[in-house]
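The values are calculated or read from the model by the stated rules, or taken from the named source; none is laboratory data. Predicted, not measured: the structure shown is a model, and the values here were computed from it. When we count neighbours, we look across all protein chains shown, and the Cβ atoms used for this are built from the backbone with ideal geometry, even at glycine.
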Amino acid sequence: MPRSIWSGAISFGLVNVPVRMYSAVSEHRLHFSLVHVKDGSPIGYAKYCKAEDKPVDDSEVAKAYDWDGEYVILRDEDFERAQADTYKTIDIQDFVPYEEIDPVFFDRTYYLGPDKGGEKVYALLAKAMAGDGRAAIAKFVMRERQHLACRRVRDGALILERMHFADEVRPLGDVLPESAPKLERAELELARDLIERLAGHFEPEKYADTYRDALWAIIEERRQGGTVEAKRPEAPTAAPDLMAALRASLAGGDGGGDGRSEGDGAGNGRGKGAPKRRGAAKRGDGDLARLSKAELYERAKAADIPGRADMTKDELVEALSR
C-alpha cells in the first residue's frame, strides 16, 4: 500500500467524503550526487548565516517573505491561519464537461482513496460521477499553497488532477508570429497525409525512456572503467524544401533527391510515393514499408511479436516479413 501524502475530505454540498491522497506516478529518474572530483567524496550543504559568517542550526531557521529588501518572518501559525477556511478540505466549486478543460491547465495527477469509515460515501460519489462526462472543479490547500483541481473518475476510483490557475498560464501572444505565414494547399494536403500515416491509438506501453536507458548503460560502462565515445547530435534545422521533405517522409525515404512522386506530376502527393490509406496495404515486404509505424505496431501486436514496443519502423517491417 503506498504512503498517503495528504488526508482530508471532499466537500460535496453538505456531504463530506473522507479521503487520502496518493501520488499517481512513480517517476523512474536517475538521481545524481555532487562529489569532489579529486577524492570522490560527496559534497554537503549547510545552512549558513551570511551576516555572522557561520552555520545556523535548523531550530533557528524560519520562512520569510522578501518585501523590497525587508524580510517578513512567518511562523507555522501564520500559515495555519491563512488556510483556516479550506483546512483539510477539497471544496468542490462546479461540475463541468471534462472535454472543455484545456490540458495546459493540468499539472500533476493524484489518486484519492477512501479513508477509514468513508468507503460507502466514496463509492456513492464515484458511482454518481461515472459515465457522466463531467469533472468536479475544486480548490484545496497542500504544502502551504492553494491549488485548483479537477476531480474525475477512472475505473471506479476518484482521480485528482492538480491544475494551474488561469493567471499562471502564459498567453500565446508572445509565442505566435505576428502574421501567419501563407500555406499552400498542396503542402497542407501532404501534411495531413503524413498525419494519417502516423495515426493510431494511444498505448502507453509502446513508449519507453530511451534516454534514461542509454544513460544507465553509460553509468555501467564508466563504473567498469570503460571510455565512452562522445557523439554530439546535429541540431535539427528547418527543411529547405518543405514539399520535398513532406514527400520524402510519406515515401519513407531520407529526403534525398527532389522527392517528387511519380504519377500526375502536380505535386499533390497521389503518385507512386504517396501513402495508401489505412488498411489498404498487403502483407508483402514492399507493402509493409508503406505503412506507418503505428500500423506496423498494430500488426506486430496481433502477431504477438516480442520486443515490438522497442523496435524501429524498419525492424517492425523485418519482423513482420519473416
Let me spell it out: the conditions are (1) out of contact with any helix residue (DSSP H, G or I) (no Cβ under 9 Å at 6 or more places or on another chain); (2) outside any helix (DSSP H, G or I); (3) surrounded by 10 or more Cβ atoms within 10 Å (Cβ to Cβ), and Phe79 meets all of them except one. Which number is the exception? (2)
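Please go through the stretch 1-24 and pick out each residue that is over 14 Å from Lys88 (Cα atoms) and at pLDDT 90 or above.
As a first pass, look at the stretch 1-24 and keep what is over 14 Å from Lys88 (Cα atoms): 1-3, 13-15, 22-24.
Of everything in the stretch 1-24, those that are over 14 Å from Lys88 (Cα atoms) and at pLDDT 90 or above turn out to be Tyr22, Ser23, Ala24.
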Flag if Val96 is in a strand (DSSP E or B) and without any contact (Cβ under 8 Å) to a residue 40 or more places away in the chain: no
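Taking the stated definitions as given, is Arg247 in a strand (DSSP E or B) and not acidic (Asp, Glu)? It would help to see each step written out before you state the result.
Details: in a strand (DSSP E or B): no; not acidic (Asp, Glu): yes.
Taking the combined requirement at face value, the residue does not satisfy it.
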The residue from Lys139, Lys116 that alone is assigned to a loop (DSSP other than H, G, I, E, B) and either surrounded by fewer than 16 Cβ atoms within 10 Å (Cβ to Cβ) or modelled with pLDDT under 95 (or both) is Lys116
Quick check: anything in the stretch 89-98 among the hydroxyl-bearing types (Ser, Thr, Tyr), more than 22 Å from Gly8 (Cβ to Cβ) and loosely packed, with under 13 Cβ neighbours inside 10 Å? no
I'm trying to understand the selection: among the residues of the stretch 300-322, which are assigned to a helix (DSSP H, G or I), more than 14 Å from Glu203 (Cα to Cα) and either in contact with a helix residue (DSSP H, G or I) (Cβ under 7 Å, 6 or more places away or on another chain) or touching a residue at least 60 places away in the same chain (Cβ under 8 Å) (or both)? Lys313, Leu316, Val317, Ala319, Leu320, Ser321
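Could you tell me whether Ala9 is in contact with a Ser or Thr (Cβ under 7 Å, 6 or more places away or on another chain) and under 30 Å from Leu215 (Cα atoms)? Lay out the reasoning, then the answer.
Numbers: in contact with a Ser or Thr (Cβ under 7 Å, 6 or more places away or on another chain): yes; under 30 Å from Leu215 (Cα atoms): no.
Criteria not met by Ala9.
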Of the numbered conditions (1) outside the structural domain of Leu148 (by TED's automatic domain parsing); (2) within 33 Å of the chain's Cα centre (by Cα); (3) farther than 20 Å from Gln146 by Cα, Val96 satisfies every one except a single condition; which is it? (1)
Count of the stretch 1-15 residues which are part of a strand (DSSP E or B) and within 27 Å of the chain's Cα centre (by Cα): 3
Expected single match for assigned by TED's automatic domain parsing to the domain that holds Glu315, at pLDDT 80 or above and either touching a helix residue (DSSP H, G or I) at 6+ places or on another chain (Cβ under 9 Å) or not small (Gly, Ala, Ser) (or both) among Leu288, Leu215 is Leu288
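Tell me, yes or no, whether the stretch 50-62 has at least one residue that is farther than 16 Å from Ile159 by Cβ, in a strand (DSSP E or B) and over 30 Å from the mean Cα position of the chain (by Cα). Before the answer, list the steps.
Taking the stretch 50-62 as the starting set, the residues that turn out to be farther than 16 Å from Ile159 by Cβ are 50-62.
If we keep only those that are in a strand (DSSP E or B) too, we end up with 54-55.
Still in the running and over 30 Å from the mean Cα position of the chain (by Cα): 54-55.
There is at least one residue in the stretch 50-62 that is farther than 16 Å from Ile159 by Cβ, in a strand (DSSP E or B) and over 30 Å from the mean Cα position of the chain (by Cα).
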Could you grab me the full set of residues in the stretch 16-49 that are assigned to a strand (DSSP E or B), among the hydroxyl-bearing types (Ser, Thr, Tyr) and more than 29 Å from Ala208 (Cβ to Cβ)? Tyr48
Could you list, ordered by first residue, the pairs with Cβ atoms under 9 Å in which the first is in the stretch 77-92 and at positive phi and the second is at pLDDT 80 or above and not aliphatic (A, V, I, L, M), at least 6 apart or interchain? Lys88/Trp6; Lys88/Ser7; Lys88/Gly8; Lys88/Phe140
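If you check Gly225 against the conditions, is it in a loop (DSSP other than H, G, I, E, B) and surrounded by 13 or more Cβ atoms within 10 Å (Cβ to Cβ)?
Working: in a loop (DSSP other than H, G, I, E, B): yes; surrounded by 13 or more Cβ atoms within 10 Å (Cβ to Cβ): no.
Considered against the rule, which asks whether it is in a loop (DSSP other than H, G, I, E, B) and surrounded by 13 or more Cβ atoms within 10 Å (Cβ to Cβ), Gly225 comes out as no.
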Tyr71 vs. criteria farther than 30 Å from Leu215 by Cα, in contact with a Leu (Cβ under 8 Å, 6 or more places away or on another chain), without any contact (Cβ under 8 Å) to a residue 60 or more places away in the chain and outside the structural domain of Glu144 (by TED's automatic domain parsing): no
